[in-house]
Amino acid sequence: MLMDEKTCNELDLESSVDWDVKTVTSALKQYLRSLPEPLMTYELHRDFIVPAKSGSPEARVNAIHFLVHKLPEKNKEMLDILVKHLTNVSNHSKQNLMTVANLGVVFGPTLMRPQEETVAAIMDLKFQNIVVEILIENHEKVAFFSSLLVVMSLAC
């Protein structure tokens with residue numbers, strides 16, 4: 001429904017207070033899946049998976065945050081908005097049952113879909129979920145890390 005431009009232009013979101021959460025989530029996931037490339041890009045897919053498989057929690061977080069900053073600017077902006085929202089959703093998990101792990105399962109394959117569906121890609125599915133979990137659990141560090149990179153680049 002939202003993908004049709006005519007319908008999209010006629011839609012009054014202000015009066016739609018009764019939108020079903022599942023419908024909105026499905027529309028968001030459909031939009032993200034319809035992108036020519038996932039937000040976390042095919043090019044960086046393998047790089048994101050590697051730290052999710054090993055290392056200390058701190059090293060994993062640092063590696064993933066570093067990779068986020070290698071994403072194209074628009075992807076970073078969209079990912080930041082989405083992860084902020086998912087963090088907010090997870091903060092209400094007692095009411096909505098959407099824990100960080102559940103959100104990883106729902107959004108990992110959408111944000112990090114592989115370029116080719118292979119057996120290896122299926123084996124990496126849980127690591128895609130872990131990457132999304134790390135982003136949600138450490139969203140504040142992503143913002144901080146971004147500021148730190150700016151300060152470090154100005155100092156050089």
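Give me the percent relative contact order of region 37-155, please, defined on Cα pairs under 8 angstrom at least 6 residues apart. Don't jump to the answer; show the numbers that get you there.
Values: 106 pairs, mean separation 41.5, N = 119.
Averaging sequence separation for qualifying contacts and normalising by length gives 35 percent for region 37-155.
Under a point spin-label approximation (7 Å from Cα along Cα-to-Cβ), what is the Lys22-Ser56 distance to one decimal in nm?
Taking the two extended label points, one gets 4.4 nm.
Net charge near Val61, counting Lys/Arg +1 and Asp/Glu -1 over other residues with Cβ under 10 Å of its Cβ?
Residues near Val61 contribute 0 overall.
Quick check: from the Cα gyration tensor, does region 37-155 come out rounded (a/c under 1.5), prolate or oblate?
Values: a/c = 1.59, a/b = 1.12, b/c = 1.41.
Cα axes put region 37-155 in the oblate bin.
Just so you know, all these numbers are worked out from the coordinates, no wet-lab data involved. Computed from a predicted model, the values in this text were never measured in an experiment. Counting neighbours? That spans all protein chains shown, and the Cβs are built from the backbone with ideal geometry, glycine included.
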